[in-house]
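As structure tokens, the structure follows; a few thoughts come after it.
The values are calculated or read from the model by the stated rules, or taken from the named source; none is laboratory data. Keep in mind that this is a model prediction, so the values were computed, not measured. A quick note on method: Cβ atoms are made from the backbone with ideal geometry, for glycine too, and the neighbour counts reach across all protein chains shown.
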Amino acid sequence: MTGGRLNVVLLTAPAVLLMLVFLVGPLLCLIALSFTDYQLGAPSISFVGLANYDEMTGDDTVRISIGNTLIYVAIVVPVSVALGLGAALLIDADGSLRGFYSAAYFLPVMATLIAMAIVWGFMLDPRIGAVNFALKAFGFKPLDFLHDRKLVLFTLCGIGIWQSVGFNMVLFMAGLTAIPSELYEAAAIDGARRGGSRFALVTWPMLAPVTLFTVVITAIRAFQVFDTVQVLTDGGPNKASEVLLHTIYAEAFGYFRVGYAAALVVVFLVFILALSAIRVFVLDRGRQTS
Amino acid sequence: MRGHRLTAPMRLVRHLVLLLGTVAMLAPFVLMVATSFKPKEEIFAAEFHLLPQRLGAAENYHEALTQVPLLHFLLNGAIVTAAIFALQVLVNVPAAYALAKLRFRGRATLFGAVLVCLLIPYQAIALPIYILFYWLGLLNTYAALVLPFTISVFGIFLMRQFFLGVPDDLIDAARIDGMSEYGIVWSVMAPAAIPAIVAFGIFSVVAHWNDYFWPLIAVGDLGLYTPPLGIAHLKLNGEGTAYGPLMAAATIVIAPLVLAFLLAQRRFVEGITFTGLKG
């Protein structure tokens, strides 16, 4: 089918134009800016080569920030994927209260994170927070979850996990539905009747592509952690919860050092693209095997 | 695991474990609503009661609605999310149709560009767009909140996949009837793609109603605040420990989406899982 040239232009022009203005253009600008000393509002701009990237290697805040982000991802991803898988398997194992459970687990995914972060902030209050009331009831000492340097990052991980379990659960439920029931029948004939062997023989191998996919997506989302940090800790105390996107935000809109912030964004982008590369690889393999 | 009957003790274990998880998942919501009903002295009491002993709902909700113009923020949120979605459909559905059903020079390049752009997280390009709007004098406007999201390569991708499955006969018949390509997009393709458009709509509305990063950067006037900015403002600039009104505000902010979700659970799950493709 050949569309007239004019038709094609009319149909695609708005999208192409907006793609150039709001995606391709900004991306190229970002990379260019990362080689400059541009400051917002400053009248001049000059090329500084790799100076921004050089500065980064000696910047303690950046080092701490990248380290914290990696720790955050390394905790949130495995825990929330495992819990999501567990929830999906348990919910799928029987029909009873299925809708109720999946709605309950999915609710945190839907609810405005910034509002729920504030609720968590209240729940974790050392004096009047429900979590500390519970700790005291079980005979533990109350903890200052958001102001204790050793604790704060793990607290944020906990909120991140709470928010993403339902998302992973839904992906796994979709994966489970796609497993043909003949496979279970065949496994039963081969003697795999109990839950454990059925899981090892059929469910887990069949879920492998979904699992990898879920891991990558959760990792990308975890890398973008920002809302909870910005509203609950502002990166503190003493940078103990500083994460990459928050550092970028502070450099760009707190200190207006656009050139330096752009270089940090490039680093952020490299992490995301590396993860995306895995995703593309997985998708390709999925297409070949299916 | 279908076709596999659980034994009675296993059924019990399933419920116990899932209920434990449910408590953890729902606790913040329950506490939020319960606290929004409590008077100040109960919130700060040395003893914990989940249910309010005396109702303080009226003062908390009154405070939440008057300390900041919360209803105005909700209206802003509705305007912004609706405008984004409407423009996304207008811009991206025709392009998706062209990519799926028309043959033209540059099609492969365009689709390749869509796939590459899918990988860019918007936080990465927020800074250059901010500078662009700064020079154009567009910061602090509704346009600043809406324009960057009018292009959705994810929407193009999703709709293209859907359009590929629409039979060519349908389009040929419309052409024989003398319909223009633009007419085909809106009177033949779009109606056939309602399920995909609904799913994309849910994804889009949820993402932009909840978005905090871009509005935080793009607007500073209280009059343009979206609900997430509004509640963060109440927490950070108001009395940060006035938990009663704060919980009331949180309840109001999440209520529209949560209610919609409870009414159309299936569609929401579908819509959000589509983002699985996007991340």
- request: Answer with yes or no whether B:R54 is away from every other protein chain (no Cβ under 12 Å), without any contact (Cβ under 8 Å) to a residue 40 or more places away in the chain and among the basic types (K, R).
  value: yes
task: Find the residue count for the range B:35-67, including only residues that are aliphatic (A, V, I, L, M) and over 22 Å from A:M123 (Cβ atoms).
output: 2
message: Within the range A:65-75, does at least one residue satisfy the condition of being part of a helix (DSSP H, G or I), within 14 Å of chain B (Cβ to nearest Cβ), under 24 Å from B:P128 (Cα atoms) and touching a residue at least 60 places away in the same chain (Cβ under 8 Å)?
response: yes
query: Among the residues of the range A:25-38, how many are assigned to a helix (DSSP H, G or I) and buried (at least 17 other Cβ atoms within 10 Å of the Cβ)?
result: 5
query: Restricting the range B:180-233 to residues that are part of a loop (DSSP other than H, G, I, E, B) and charged (D, E, K, R), which is farthest from the chain's Cα centre (by Cα)?
result: B:D221
message: Please go through (1) modelled with pLDDT under 90; (2) within 10 Å of chain A (Cβ to nearest Cβ) for B:P195 and return the number of the only condition it doesn't satisfy.
response: (2)
Subset tally (residues that are modelled with pLDDT under 95 and hydroxyl-bearing (S, T, Y)) for the range B:200-255: 3
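Rundown of residues vs (1) small (G, A, S); (2) farther than 27 Å from B:L127 by Cβ, yes/no style:
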position: A:L6; (1), (2): no, yes
position: A:L10; (1), (2): no, yes
position: A:A15; (1), (2): yes, no
position: A:L18; (1), (2): no, no
position: A:F22; (1), (2): no, no
position: A:P26; (1), (2): no, no
position: A:L33; (1), (2): no, no
position: A:Q39; (1), (2): no, no
field: Restricting the range B:114-143 to residues that are in contact with a Phe, Trp or Tyr (Cβ under 7 Å, 6 or more places away or on another chain) and aliphatic (A, V, I, L, M), the residue that is modelled with the lowest pLDDT
entry: B:L118
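Conditions tested, residue by residue: (1) more than 27 Å from B:L6 (Cβ to Cβ); (2) over 15 Å from the mean Cα position of the chain (by Cα); (3) not hydroxyl-bearing (S, T, Y).
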site	(1), (2), (3)
A:G166	no, no, yes
A:P180	no, yes, yes
A:I189	no, yes, yes
A:R194	no, yes, yes
A:T203	no, yes, no
A:A208	no, yes, yes
A:I217	yes, no, yes
A:F226	yes, no, yes
field: Residue among B:P256, B:P245 that is of a type outside the set (D, E, K, R), out of contact with any strand residue (DSSP E or B) (no Cβ under 9 Å at 6 or more places or on another chain), part of a helix (DSSP H, G or I) and over 30 Å from A:M173 (Cα atoms)
entry: B:P245
message: Going by what's in this entry, would A:I91 be described as surrounded by fewer than 22 Cβ atoms within 10 Å (Cβ to Cβ) and not acidic (D, E)?
response: no
statement: Exactly one of A:E251, A:E242 is in a helix (DSSP H, G or I) and of a type in the set (D, E), and that one is A:E251
statement: When every residue in the range A:100-123 that is within 29 Å of B:V13 (Cβ to Cβ) and more than 7 Å from every other protein chain (Cβ to nearest Cβ) is compared, the one surrounded by the most Cβ atoms within 10 Å (Cβ to Cβ) is A:S102
- line: Counting only helices (runs of 4 or more DSSP H) wholly inside the range B:1-113, the ones holding at least 2 residues that are modelled with pLDDT of 90 or more are B:8-36, B:57-67, B:70-101
Residue selected from the range B:236-251 under the condition more than 9 Å from chain A (Cβ to nearest Cβ) and surrounded by 14 or more Cβ atoms within 10 Å (Cβ to Cβ), by the criterion farthest from B:H62 (Cα to Cα): B:G238
task: Name the one entry in B:Y212, B:Y134, B:Y225 that is within 9 Å of chain A (Cβ to nearest Cβ) and in contact with a helix residue (DSSP H, G or I) (Cβ under 6 Å, 6 or more places away or on another chain).
output: B:Y212
message: I want to confirm something. Restricting to the range A:139-157 and keeping residues that are of a type in the set (A, V, I, L, M) and within 20 Å of the chain's Cα centre (by Cα), which single residue is surrounded by the most Cβ atoms within 10 Å (Cβ to Cβ)?
response: A:L156
